[in-house]
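Working notes, structure below.
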Amino acid sequence: MTNGTKRVLVTGSAGFIGFHTCSRLLQEGATVLGVDNFTPYYDVSLKERRTEMLENNPRFSVARVSIEDREAFGTAWADFRPDMVIHLAAQAGVRYSIDAPDSYISTNLIGTFNVLELARHHPVRHLLAAATSSVYGANTEMPFYETQRTATPLSLYAATKGATELMGHSYSHLFRTPMTFFRFFTVYGPWGRPDMALFKFTKAILAGDAIDVYNNGQMVRDFTYIDDLVEAIVRLTDAVPGSHPVDGDSLSPVAPFRIVNIGGGTPTPLMEYIGELEKALGQPAKKNFMPMQQGDVPATKASSELLEQLTGFVPAIPPSVGVPQFVRWYREHYGQ
């Protein structure tokens, strides 16, 4: 099936990653239904603007419903009749999960349960869903492989996302729904989330305010530029889990279910990342060095071997290229 004949339902379409994923699918000729409830977790005007841009394409429509509302969500799903679903809707953020845990249970667990139930009753060719590198938790062995044990989450956010993987596997086994869960690694880029470090840093530096640098700057992240992430997602839509594993596969022995890291495997020290931002903005940051935050981890590094085997692709856009792209968008969008 070519992308031009795909009918793809994307949850979280007004979000950062959802918007870019929908844009790319539309460019390739797919017909796309976005599902989003425009939650005010951050500035809703960003979500509205992203959606306006998507709605310029006649092959895009949006259902303004919550994935927790199974009746309304189910009606939208049944009316659209997708052959593929990309489930990106979630309550994100490690730190916010300490302050507002209820929303993580509701959106991540109940919402994902509804996605799985609807795929059970309205079968699709492939269900793809977002997990997170945070599921690796207290693991210290680098790089992170998809087959590593992930039973030591350090935040409720990570715990709920790990739980969705387990829920997905059980449904894939019971009802033979082909599923791919992908683990994201610190995604950034234009139209990003205001609660993420790059956005907050840029806003603070331009305002002349200090930025909070945790663990005294001793952090390393496998940063993934949004264009690389979306390229991997779109390629994975055709890598439908089946009975023919590749080397080092995470394919389940009892279900058409697979977990795939989406990361380049080339981590960047946080201070180097901040340096790229200072260079792009043309001004230094005032830094407020802080201890490690609860629920956070000092380092992440993805194994990209399985992704490359399945798609022939590995994220490779470095912060020296990606950070200036974000700054260019930020200045244009906010007139700064």
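The values are calculated or read from the model by the stated rules, or taken from the named source; none is laboratory data. All values derive from a computational prediction rather than experimental measurement. Backbone-built Cβ (ideal geometry, glycine too); neighbour counts: all protein chains shown. Only protein heavy atoms, including side chains, enter the accessible area calculation; ligands, DNA and RNA are left aside. Shrake-Rupley method; radii C 1.70, N 1.55, O 1.52, S 1.80 Å.
Does Thr202 satisfy the condition of being touching a residue at least 60 places away in the same chain (Cβ under 8 Å), under 23 Å from Thr11 (Cα atoms) and among the polar types (S, T, N, Q)?
Criteria not met by Thr202.
Give, as residue ranges, the helices (runs of 4 or more DSSP H) completely inside the range 19-133 that count at least 3 residues that are out of contact with any Pro (no Cβ under 6 Å at 6 or more places or on another chain) and modelled with pLDDT of 95 or more.
By residue number, 44-55, 70-80, 112-121.
Of the residues Gly295, Gly282, which is small (Gly, Ala, Ser) and without any contact (Cβ under 8 Å) to a residue 12 or more places away in the chain?
One residue alone meets the criteria, Gly282.
Out of curiosity, is Glu55 over 18 Å from Phe113 (Cβ atoms), open to solvent by 70 Å² or more (accessible area, probe 1.4 Å), without any contact (Cβ under 8 Å) to a residue 12 or more places away in the chain and more than 17 Å from the chain's Cα centre (by Cα)?
For Glu55, the condition - over 18 Å from Phe113 (Cβ atoms), open to solvent by 70 Å² or more (accessible area, probe 1.4 Å), without any contact (Cβ under 8 Å) to a residue 12 or more places away in the chain and more than 17 Å from the chain's Cα centre (by Cα) - is met.
Within the range 264-274, does at least one residue satisfy the condition of being open to solvent by less than 40 Å² (accessible area, probe 1.4 Å) and among the small types (Gly, Ala, Ser)?
Yes; the residues of the range 264-274 include at least one that is open to solvent by less than 40 Å² (accessible area, probe 1.4 Å) and among the small types (Gly, Ala, Ser).
Of the residues Thr202, Thr224, which single one is within 22 Å of Met142 (Cβ to Cβ) and surrounded by 19 or more Cβ atoms within 10 Å (Cβ to Cβ)?
Going through Thr202, Thr224 in turn, the sole match is Thr224.
Can you tell me which residue within the range 133-149, out of those that are among the hydroxyl-bearing types (Ser, Thr, Tyr) and closer than 23 Å to Gly242 by Cα, is farthest from the chain's Cα centre (by Cα)?
Among them, the one singled out is Thr147.
Within the range 275-289, track down each residue that is within 13 Å of Tyr214 (Cβ to Cβ) and either touching a helix residue (DSSP H, G or I) at 6+ places or on another chain (Cβ under 7 Å) or of a type in the set (S, T, N, Q) (or both).
Within the range 275-289, Asn288, Phe289 qualify.
Inspect the range 14-25 for any residue being among the aromatic types (Phe, Trp, Tyr), within 21 Å of Phe73 (Cα to Cα) and surrounded by fewer than 18 Cβ atoms within 10 Å (Cβ to Cβ) and give the result as yes or no.
Among the residues of the range 14-25, not one is among the aromatic types (Phe, Trp, Tyr), within 21 Å of Phe73 (Cα to Cα) and surrounded by fewer than 18 Cβ atoms within 10 Å (Cβ to Cβ), which makes the answer no.
Residue under question is His126, and the condition is that it be surrounded by fewer than 18 Cβ atoms within 10 Å (Cβ to Cβ) and either within 19 Å of the chain's Cα centre (by Cα) or of a type outside the set (S, T, N, Q) (or both); does it hold?
no
Return the total of residues in the range 163-178 being open to solvent by 20 Å² or more (accessible area, probe 1.4 Å), assigned to a helix (DSSP H, G or I) and not aromatic (Phe, Trp, Tyr).
Number satisfying all stated conditions: 7.
Could you identify the single residue in Asp247, Asp209, Asp195, Asp238 that is open to solvent by 30 Å² or more (accessible area, probe 1.4 Å), under 29 Å from Glu48 (Cα atoms) and out of contact with any Phe, Trp or Tyr (no Cβ under 8 Å at 6 or more places or on another chain)?
Asp209
Taking the residues in the range 262-299 that are farther than 17 Å from Ile317 by Cβ and β-branched (Val, Ile, Thr) as candidates, determine which candidate is farthest from the chain's Cα centre (by Cα).
This residue is Ile274.
Filter the range 1-11 down to residues that are open to solvent by 10 Å² or more (accessible area, probe 1.4 Å) and in contact with a helix residue (DSSP H, G or I) (Cβ under 9 Å, 6 or more places away or on another chain) and give me whichever is nearest to Leu229 (Cα to Cα).
Among them, the one singled out is Asn3.
Quick check, is Pro284 open to solvent by 20 Å² or more (accessible area, probe 1.4 Å) and more than 22 Å from Pro190 (Cα to Cα)?
no
Looking only at the range 300-331, count how many residues are buried (at least 17 other Cβ atoms within 10 Å of the Cβ) and not aromatic (Phe, Trp, Tyr).
Residues meeting the conditions: 18.
When you look at Ser155, is it touching a Lys or Arg at 6+ places or on another chain (Cβ under 7 Å) and buried (at least 19 other Cβ atoms within 10 Å of the Cβ), yes or no?
no
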